[in-house]
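Derivation of every value follows stated rules applied to the coordinates shown; laboratory data play no part. Because the structure is a prediction, the values reported are computed rather than measured. All Cβ positions, glycine included, derive from the backbone under ideal geometry; neighbour counts span all protein chains shown.
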Amino acid sequence: MKARLVSTRDLAPEVRHFEFEVPERDDFPFTPGQFVSIKEDVARREVTRAYSIASAPDGNRFALCLNRVQEGLVSPRLFALALGQHVEIQEPLGYFTLRHPERPAVFVATGTGIAPFRSMLLSALPKGAVITLLFGVRYARGLLYREELEEMAQRYPQFRFMPTITRPDEFWQGPVGRVQTHLETALATHASTPDVYICGLKEMVDDVRAVLKQKGFDRKQIVYEKYD
Ligand SMILES: Cc1cc2nc3c(=O)[nH]c(=O)nc-3n(C[C@H](O)[C@H](O)[C@H](O)COP(=O)(O)OP(=O)(O)OC[C@H]3O[C@@H](n4cnc5c(N)ncnc54)[C@H](O)[C@@H]3O)c2cc1C
């Protein structure tokens, strides 16, 4: 199936929001949190990479949030796409989805790991889901979708947005350090034990899972997606 690039927006240095449409379909259904696979021909070899959908279901459109990986095989090619060009995609897949929307949840993301959470937040918050988002990046300028997330926190009192920065500048007044440092505080925003969803690179995901296991979390309460 082909997807056509309809617009892009730079979110931070080396991070871009991409909007695609699927021209052969009126509808492109998926469950928030799922990913699409993009196939590229690289030196006559077919290479496939997964990308979490960053938008809520919306007709035949979907959005991605991509980091350009230096020397990467596929991500630099996607950054080089011109508007109107097509990529080859497969049907959305994956189990990194909101399992129990009625239960309180903590989302833990670093970098473009925010993508599936944006999709989940856009569709679950209007239905009343109770969520705390702990989002870690290096620099304040790397806080992807910051304005939008702050607006969501204003609009939905049951949503708490906790950004944290490892390399703050003099203007940053919020929490400092890795997401691991603030996990306890994020968990304590809920009166009962929340489900925890984690998305980002392996090292962070494994660290957070280890802390949760030590705290006695049941495996079923921890849902994660690793990008590498
Ligand atoms: C389920 C799933 C969902 C994903 N969703 C997203 C997404 O929404 N946005 C996104 O930007 N990426 C996402 N990824 C990562 C993506 O699939 C690719 O791995 C990434 O774009 C690198 O591919 P590449 O061909 O450019 O680099 P490759 O040629 O595969 O080289 C990657 C090398 O760079 C390292 N690396 C450094 N930074 C990253 C990074 N951020 N991700 C992966 N590898 C890294 C890897 O360890 C590896 O050695 C997802 C991965 C999975 C499995």
Starting from the Cα gyration tensor of the stretch 109-152, multiply each eigenvalue by 5, take the square root, and state the resulting semi-axes largest first in whole Å. 19, 10, 8
Taking the dipole of the chain about the Cα centre (Lys, Arg +1; Asp, Glu -1; charges at Cβ), the one of 153, 31, 110 that reaches farthest to the positive side is 110
Looking only at the stretch 88-118, which residues have a backbone nitrogen under 11 Å from a spot 7 Å from the Cα of residue 1 in the C-beta direction? 89-93
Checked the stretch 160-215 against the a/c 1.5 cut and the a/b vs b/c comparison, axes a ≥ b ≥ c from its Cα gyration tensor; verdict oblate
At 7 Å along Cα-to-Cβ for each site, give me the label-to-label distance between residue 176 and residue 41 in nm. 5.2 nm
Ordered by number, the chymotrypsin sites (Phe, Trp or Tyr not before Pro) in the stretch 83-192 that occupy a DSSP loop and have at most 12 other Cβ atoms within 10 Å are 95, 171
Quick one: which residues, 5 or more positions from residue 176 or on another chain, have an amide H under 5 Å from its amide H? H modelled 1.01 Å from N in the peptide plane, none for Pro or chain starts. 165
Kirkwood-based Rg to Rh ratio, the chain, C-alpha trace: 0.96
Roughly speaking, what % of Cα-Cα pairs in the stretch 112-228 are separated by over 23 Å, rounded to a whole number? 27 percent
Taking θ as phi - 60°, what are the ³J(HN,Hα) couplings along the stretch 148-165 by the Karplus curve (6.51, -1.76, 1.60), each to the nearest whole Hz, with x for Gly and Pro? 4, 5, 5, 5, 4, 5, 5, 7, 10, x, 8, 10, 10, 10, 10, x, 9, 10
Once the Cα gyration tensor of the stretch 38-123 is diagonalised, what are the square roots of 5 times its eigenvalues, in whole Å and ordered largest first, as equivalent ellipsoid semi-axes? 27, 15, 12
Hey, can you rank 36-47, 183-194 by average C-beta count inside 10 Å, highest first? 183-194, 36-47
The chain: relative contact order from alpha carbon pairs under 8 Å, six or more residues apart, as a whole percent, is 18 percent
Give the long-range amide H neighbours of residue 143: residues separated by 5 or more places, or on another chain, with amide H under 5 Å away, using H modelled in the peptide plane at 1.01 Å from N. none
